[in-house]
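Right, one structure below, let's go through it.
Please treat every number below as a calculation from the coordinates, not as lab data. Because the structure is predicted, anything quoted here is derived from the model rather than measured. Reconstructed Cβ throughout: ideal geometry from the backbone, glycine too, with neighbour counts over all protein chains shown.
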Protein chains: 4
Amino acid sequence: MNSFGRLFRVHIFGESHGESVGVVIDGCPAGLPLEVADFVEDTERRKGGIQKGTTPRKEDDLPIFKSGIFNGKTTGAPITILFENNNTRSGDYEKQRAVPRPGHADFTAHEKYGGNEDFRGGGHFSGRLTVCLVAAGVIAKKLLKGAGVIAKAKVTEIAGEKDTEKGLQKAIDQKDSVGGIVECEVNGLPIGLGEHFFDSVESLISHAVFAIPAVRGIEFGTGFAAAKMYGVDHNDALENAEGKTSTNHAGGIVGGITNGNQLVFRIAVKPTSSTPKEQQSWNWETKEVETFSIKGRHDLCIALRVPVVLEAVTAIIMADLMLLEQRISRII
Amino acid sequence: MNSFGRLFRVHIFGESHGESVGVVIDGCPAGLPLEVADFVEDTERRKGGIQKGTTPRKEDDLPIFKSGIFNGKTTGAPITILFENNNTRSGDYEKQRAVPRPGHADFTAHEKYGGNEDFRGGGHFSGRLTVCLVAAGVIAKKLLKGAGVIAKAKVTEIAGEKDTEKGLQKAIDQKDSVGGIVECEVNGLPIGLGEHFFDSVESLISHAVFAIPAVRGIEFGTGFAAAKMYGVDHNDALENAEGKTSTNHAGGIVGGITNGNQLVFRIAVKPTSSTPKEQQSWNWETKEVETFSIKGRHDLCIALRVPVVLEAVTAIIMADLMLLEQRISRII
Amino acid sequence: MNSFGRLFRVHIFGESHGESVGVVIDGCPAGLPLEVADFVEDTERRKGGIQKGTTPRKEDDLPIFKSGIFNGKTTGAPITILFENNNTRSGDYEKQRAVPRPGHADFTAHEKYGGNEDFRGGGHFSGRLTVCLVAAGVIAKKLLKGAGVIAKAKVTEIAGEKDTEKGLQKAIDQKDSVGGIVECEVNGLPIGLGEHFFDSVESLISHAVFAIPAVRGIEFGTGFAAAKMYGVDHNDALENAEGKTSTNHAGGIVGGITNGNQLVFRIAVKPTSSTPKEQQSWNWETKEVETFSIKGRHDLCIALRVPVVLEAVTAIIMADLMLLEQRISRII
Amino acid sequence: MNSFGRLFRVHIFGESHGESVGVVIDGCPAGLPLEVADFVEDTERRKGGIQKGTTPRKEDDLPIFKSGIFNGKTTGAPITILFENNNTRSGDYEKQRAVPRPGHADFTAHEKYGGNEDFRGGGHFSGRLTVCLVAAGVIAKKLLKGAGVIAKAKVTEIAGEKDTEKGLQKAIDQKDSVGGIVECEVNGLPIGLGEHFFDSVESLISHAVFAIPAVRGIEFGTGFAAAKMYGVDHNDALENAEGKTSTNHAGGIVGGITNGNQLVFRIAVKPTSSTPKEQQSWNWETKEVETFSIKGRHDLCIALRVPVVLEAVTAIIMADLMLLEQRISRII
């Protein structure tokens, strides 16, 4: 299902080269002021073509409100937002049809849907749909802001380099795409969000995070480094009745529940699958392995566009949990 | 909610020092032969006290069937299985009540549930409940086996050492607990399980995996190392019409969907929170930071007990997806 | 939530006097041929203005496909369909704002959403959204038709008259709206859909049916008359190994599960709340009870427009259950 | 799935002639005092053998708490309650195995589950499981009571007689079972529970009500009689700012949402399927229609045992909606 969330529920739809992509947000409290201007900063951040290393494809990406907003406020009914796809060049992709691109869903989608999938630009399997996540995130962030909660993500490493400019230069020099690390921090969370086991905060965040294309791993707090540590070093000593800890190896979550400290996690983003380099794949028509190279507009480092999407899905989860714990009212 | 799954649905309940813990499995196809003997291997693997580095606490851990099984087969009705808690020493924990143990859910559960939580031995927040996951996993594995799918997990690293004996010795020498890495492989999967975005295989697996206590990170295929790679090196070239790839950096999942290659992922397990070392925490009664040490029976390396639990949750997800894709029948 | 269904999942959105209303259908198998022409018959049936007793408001009501359809077939991705609202006269309603109309959601929506609801023409609470249900029903019916299942509904009584023309004349004579009874039959169902208890066929159908505005009751098979019967008269004797019964008091469902006989149920539809007669209600501004009459275009007997909507929600449920029981394939 | 509810979630399991039946309640707020004594009144009301017309089968029906309760209060973790089946005479039923009883799920369960179902006494398809609903209802009622909400149901008609003693006598005279009508009223509800369309209060209540075996119809407020009425007579005029209406044809729900007036609905209960009269059915073994009569202990009028179950499912829905609208706190 293309839905997520329990009380604040997000449904996404659309295809990269269809007329538009969109999102329905169900369960948003009534009375939240919402206008096009609220979306500009985040949809701009998501766009390529601005910073070095991202694709020159650009969309105006202005949200078109279809339902759920009246007199500038949310009504409590489902909010539907469309984003038009103005800048599509399907021809680029149709030539490629017989050869499923490595790292893309061309092959798996074709097998799963019996060849009925919209293959143009990845169709429904396109990063284009992340604009829908960003839009839902804008609303979630606004809800959270009223409750004093702020999620912020940034690229911390490209191609293994902490100096991201240097990492990006490696890609440019190699004429290849590269991967990166993105870190997200959430401040202002109350103690008590999430549950043990299936609805742990880690479960919910990771579920949503792997909905972002190209993510290959996630770690909370000290994460994989914890596997090399001793217990006494990893445990965060409690310092006061509010739950403040001297260190934050847990990343703000203990027993699946927020502990009132900063929530911190990192994700690994693979190199963009569409690389300018020559590659090999199976050709369904010739029934032979073929060497080819992908034309078209692509990101050298897709990780650069991920932070705003990561903030969005994190905010969606947090807004949902805040509603569940009755920390956000049903009428704002 | 203490439930997971869409068609093959698992509900867990119980407390570490209550009379028993249990699981309800709803949606299991009818006609699957099931007897106590099916559970022994996996519940034994989960137990401590056998291998060096695990807690001497032992339970008989024989499954008690309460519903859903008739004449040695599943009936299609919900299957309920209890495991008695025979070997509890609550006194060990009650002394500790005023001081929330670092790394445990003592503090967060207390705040979330207003002091009503069963604090004995972690209560509902105890690793004891993983026996319920293991039991559901036994059933899922049996369903999968009939369809040619097998999940297998193993510890690949302890305390940073690939030689796990050596890693464990570090813990013994340090008189402290240590973390580790566990890897899971699934063979025999068809192409086409999972969906893009919210129901990606990575989303579902990670959701379930973070329900296992002490997990701090997860990575699929090449995982975090992918963030340092170039695109041409990370992409797996398709070699034939069945989707075989020359490499498996993707770990068997592309676009959220299984591609017919081996599914591979790894998780990071933190050091057992209950370490024999002296620690500090806030004392709710004295309202001061206190130095203390935890008595009782504990694992030096909880990662050693994780593989069978990891196999279980993986099998649960896979059985669910196989049912969704109509790869497993509703009547066996 | 404005969603329903487990595998074939329907989400509706929009407001009566917004720009459009719409529906997202998630989980529809790939490969189903679908074109605008498939929708015309049912959207025409739903429209008013054709038959005596229905409102003259008309919409073109042509479905606008936004996602999920490619080369004339479903792709397996979410299908989004919009219907434009061309023929709205909000002015009719704005005058009425201070006086919540009896029988309408004006008062309850206002209280629930703190006055933020779109009140124009009932906003999200309008029968206008049933066009979305009809559209989802068209797709469900097409899936079912391929499996030999057909749902058909008709008005069987108006204003207490089995001769519906006579019943309608009573409304015209009285210059008032009237209620009616609608019956739905489903033929071709296999044995075994539904479950006992919460997922009984009756539970699922009634859940969906009460989503249709103006429905006040539902009964299966002999229904309320069964409360007056003796057991030996109500029981349907089984006549052969295929489950054929001599009578059908059960309406095709025993123990919550279809028994292979015709599924039959009836619903009670209240008189249209918007009657031309004078009424009384509370005026929020004057803070007094006020006598008023509703202007605008309305149905004398809304039951006349219900059959196609009832078929639709029934088909949606049946398609979902057929997918669950693996009676409809994931790829057509 | 044998589950229902969104925040206050109920899972039932067990078989009539198994060792026990049980229920898991997930999402109950922490801190609610709960003891065995709380359950006695309602489990006694559900029992047969006390009043004329109900089966002499008796169970002690004392709840056995397995999880979620500590120091006499709910902990916030899942609450598991078992009820032992002490008084089963499976032999009564095994003789009957070859002949599916009319009106029972014998035939449909057999076909659905491929003959693997537990057929003894109806197995999972037995009214025995309503004790689980009653137990969940006890907890829901206690939550509601704290919020000033009370649900109360009673039999209003037996065998077509409003004088229920007279109706019951008809059954005794005819040596047959009879049906009846049960009415439920809920007082003290706030305005604003429920949503339009799929989560209407009518949708949720009817979904849960049809989980009660033998229910054949439901109507809200004036119900089926509304189909014979004129609009001006059916509409309830609003009399004040709190939403009080002069009449209550709507039964307390407008637009799917509670309007602050009394919630009223009625259900039709069919005659007990197990009648002492001779009946006919197909014999799977002889492959012929066979005349037989059912031995064993049965209710003449199952409707007599329904009120407490109806209150229970109604309370479960209302508790869920009160939690959703933040009218009940997560910690009591």
Kindly put B:Ile331, D:Ile257 in sequence by how many other C-beta atoms sit within 10 Å of each C-beta, fewest to most. B:Ile331, D:Ile257
In chain B, which helices (entire DSSP H runs) extend 18 Å or more along their own long axis, judged by Cα positions, while averaging at least 0.5 on the Kyte-Doolittle scale? B:130-146, B:306-324
For region A:175-247, state which trypsin sites (Lys or Arg not before Pro) are in a DSSP loop and have at most 12 other beta carbons lying within 10 Å of their beta carbon. A:Lys175
From the phi of every residue in region A:270-285, what ³J(HN,Hα) in whole Hz does the Karplus formula 6.51 cos²θ - 1.76 cosθ + 1.60 yield, where θ is phi - 60° and glycine or proline is x? 6, x, 3, 5, 7, 9, x, 6, 5, 9, 10, 7, 7, 9, 5, 7
Could you list the GluC sites (Glu not before Pro) in region A:174-245 that lie in coil according to DSSP, counting only those with at most 13 other Cβ atoms within 10 Å of their Cβ? A:Glu242
Label C:Ala147 and A:Thr247 with points 7 Å out from Cα along Cα→Cβ: what is the distance between them in nm? 5.6
Point-charge dipole on Cβ atoms (K/R +1, D/E -1) for region A:147-247, about Cα centre, debye to 20: 300
Ascending count of other beta-carbon atoms within 10 Å, so fewest first, for C:Phe125, B:Phe65: B:Phe65, C:Phe125
Shielding by partners, peptide D:271-283 (average Cβ within 10 angstrom, other chains): 5
Top positive-direction residue, dipole computed over region A:3-324 with Cβ charges, set A:Ile172, A:Val21, A:Asn248: A:Ile172
Placed amide H near A:Ile328: partners under 5 Å, 5+ positions off or other chain: A:Leu323
Potential extension, C:Lys277-C:Ser329 segment - 0.36 nm per residue separation minus Cα distance: 13.5 nm
By Cβ neighbour count within 10 Å, fewest first, A:His298, B:His124, B:His249, A:His196 rank A:His298, B:His249, A:His196, B:His124
Would you grab the residues whose amide H sits under 5 Å from the one on D:Gly103? Only those 5+ places off in sequence or on another chain, please, with H modelled 1.01 Å from N. C:Asp236
What dipole magnitude, in Debye to the nearest 20, does the protein assembly as shown give about its Cα centre under +1 on Lys/Arg Cβ and -1 on Asp/Glu Cβ? 0
Calculated from DSSP helices alone, with each H run of at least 4 adding -39500 (n - 2.57) and the total divided by the residues of chain C, [θ]222 nm to the nearest 500 comes to -7000 deg cm²/dmol
Measuring from a point 7 Å out along Cα→Cβ, what nm distances, shortest first, does A:Lys52 have to its partners in the other copies? 5.3, 8.0, 9.5
Place a +1 charge on the Cβ of each Lys and Arg in region B:3-324 and a -1 charge on the Cβ of each Asp and Glu, then give the dipole magnitude about the Cα centre in debye, rounded to the nearest 20. 460
For the A:Asp60, A:Lys295 Cβ pair and Förster radius 22 Å, calculated FRET efficiency rounded to 0.05 is 0.35
Calculate the length of the line joining the C-alpha centroid of region B:307-332 to that of region C:202-236, in whole Å. 37
Could you work out the relative contact order of chain A? I mean the mean sequence separation of Cα pairs under 8 Å and 6+ apart, divided by the number of residues, in percent. 23
Long-range HN-HN contacts of B:Ser67 with modeled amide H, under 5 Å: B:Thr80
If you plug each phi of region C:217-232 into the Karplus form 6.51 cos²θ - 1.76 cosθ + 1.60 with θ = phi - 60°, what whole-Hz ³J(HN,Hα) values come out, in order, with x for Gly and Pro? x, 9, 9, 9, x, 5, x, 4, 5, 4, 5, 9, 9, 8, x, 5
Mean separation of Cα contacts under 8 Å, 6 or more apart, over the residue count of region B:122-187: relative contact order %: 31
The pairs in C:Lys154/D:Lys162; A:Lys277/C:Lys73; C:Lys47/C:Lys141 lying past 30 Å Cα-Cα in this model are C:Lys154/D:Lys162; A:Lys277/C:Lys73
What trypsin sites (Lys or Arg not before Pro) in region C:266-332 are in a loop by DSSP, with at most 11 other Cβ atoms within 10 Å of the Cβ? C:Lys287
